[in-house]
Amino acid sequence: MERLDFPMSILEFQRRFADDAACLDYLAMSRWPEGFCCPGCGGRRAWVLARRHLWECAACGRQTSVTAGTIMDHTHLPLTLWFWSAYLMATHTPGISAVQLQRQLGISRYETAWFILHKLRRAMIAPERGLLAGEAEVDEAFVGGRNPGRRGGRDRTGKAVVAVAVEVRGTGSGRIRLQALPNANGDTLLGFVQATIRPAAIVHTDGWSGYRYLKAAGYDHRPVSQHYRLADRKLILPRAHRAISNLKTWIAGTHRGTSVKHLQVYLDEFTFRHNRRRTPMAAFQTLLGLSAHHPPATYREITT
């Protein structure tokens, strides 16, 4: 079976993945692009045990799960439900909430839709992903609900601190990184930059003293004062500010807010959407776990 191109419409997706058998064929094709190969004896022929998602080697009898290592491992839900969920999350520009997923796919329980989306979110970020390079903007913002006692500025009452790093690509934005932080002090911000940006890169920030350690850490730190930019009527850190503005709009519009407990997975989803906005096929396969190098999240990991 030849590798499929990414379905460019909902109707095309529905035709290609009409039932669980079609989904199993696609998973087998992704696992064995050159045809089945038994991991035990190297045999090339197998019997398909579709109900259990197993391929049984005709030579040695070893059974291999085609869903092992994917988000569908040991699932009791239809594979079509997982495929549709991954497709909607990969292609729906503003994202999709659990309520929307439940309604569109006819899922009986809200908790099931919520679990599916959170399992997909935890498949988004590869632990071995590369660091940002060349030139980047770094800033921090406060995300969360309203608090009438908040004094403004960097008063974090009722808010969560979120750091953002954005690669500079000409006049546009390259890859981004987002991380929830306990505070915005120097040690914390330095740790964020070191975890996301290559050493010796050019790093643009505002004049906040929390970035004072970057130069000593080997970065080409280029801080710009807000007052200086106001004088020549130019925005400082336009890419970082755009990313933060889009993040807040997305959280408020699609999800109506999020708890601090699960904030990081929503930041990971926003990062995933931005960085793969031009590669829907790669996004779809990543969500299903077909290119993952880490085990899928368990229910306990998601809920604790």
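Can you pull out every residue in the stretch 13-23 that is in a loop (DSSP other than H, G, I, E, B) and surrounded by fewer than 16 Cβ atoms within 10 Å (Cβ to Cβ)? Matches in the stretch 13-23: ALA18, ASP19. Each residue in the stretch 19-34 was checked for being in contact (Cβ under 8 Å) with a residue 40 or more places away in the chain and farther than 15 Å from LEU54 by Cα, and 1 pass. For the stretch 123-164, filtering for residues that are under 15 Å from the mean Cα position of the chain (by Cα) and either modelled with pLDDT of 70 or more or farther than 27 Å from SER259 by Cα (or both) leaves 8.
What residue, among those in the stretch 212-242 that are loosely packed, with under 11 Cβ neighbours inside 10 Å and over 25 Å from ARG175 (Cβ atoms), is modelled with the highest pLDDT? Please lay out each step first, then the result.
Taking the stretch 212-242 as the starting set, the residues that turn out to be loosely packed, with under 11 Cβ neighbours inside 10 Å are 216, 227, 231-234.
From what is left, the residues that are over 25 Å from ARG175 (Cβ atoms) are 216, 227, 231-233.
Working: ALA216: 96, HIS227: 56, ALA231: 49, ASP232: 55, ARG233: 53.
Result: ALA216.
Entry remark, the stretch 277-291: residues being buried (at least 21 other Cβ atoms within 10 Å of the Cβ) and in a helix (DSSP H, G or I) number 4 in total. Hey, could you check the stretch 243-276 for residues that are surrounded by fewer than 17 Cβ atoms within 10 Å (Cβ to Cβ) and of a type in the set (Gly, Ala, Ser) and say which is farthest from PHE142 (Cα to Cα)? The selected residue is GLY253. Listed by position, the strands (runs of 3 or more DSSP E) contained in the stretch 24-134 that have at least 3 residues being of a type in the set (A, V, I, L, M, F, W, C) and surrounded by fewer than 17 Cβ atoms within 10 Å (Cβ to Cβ) are 46-49. Each residue in the stretch 181-195 was checked for being within 15 Å of VAL143 (Cβ to Cβ) and exposed (fewer than 15 other Cβ atoms within 10 Å of the Cβ), and 2 pass.
Within the stretch 98-122, residues that are at pLDDT 90 or above reach partners that are surrounded by fewer than 17 Cβ atoms within 10 Å (Cβ to Cβ) and basic (Lys, Arg) with beta carbons closer than 8 Å, at six or more positions or on different chains, in the pairs GLN102/ARG109. Once the stretch 259-276 is narrowed to residues that are touching a strand residue (DSSP E or B) at 6+ places or on another chain (Cβ under 8 Å), in a helix (DSSP H, G or I) and aliphatic (A, V, I, L, M), the residue that is modelled with the lowest pLDDT is LEU263.
The values are calculated or read from the model by the stated rules, or taken from the named source; none is laboratory data. Here the structure is a predicted model, which means the values were calculated and not measured. Glycine also receives a Cβ, built like all others from the backbone with ideal geometry; neighbour counts cover every protein chain displayed.
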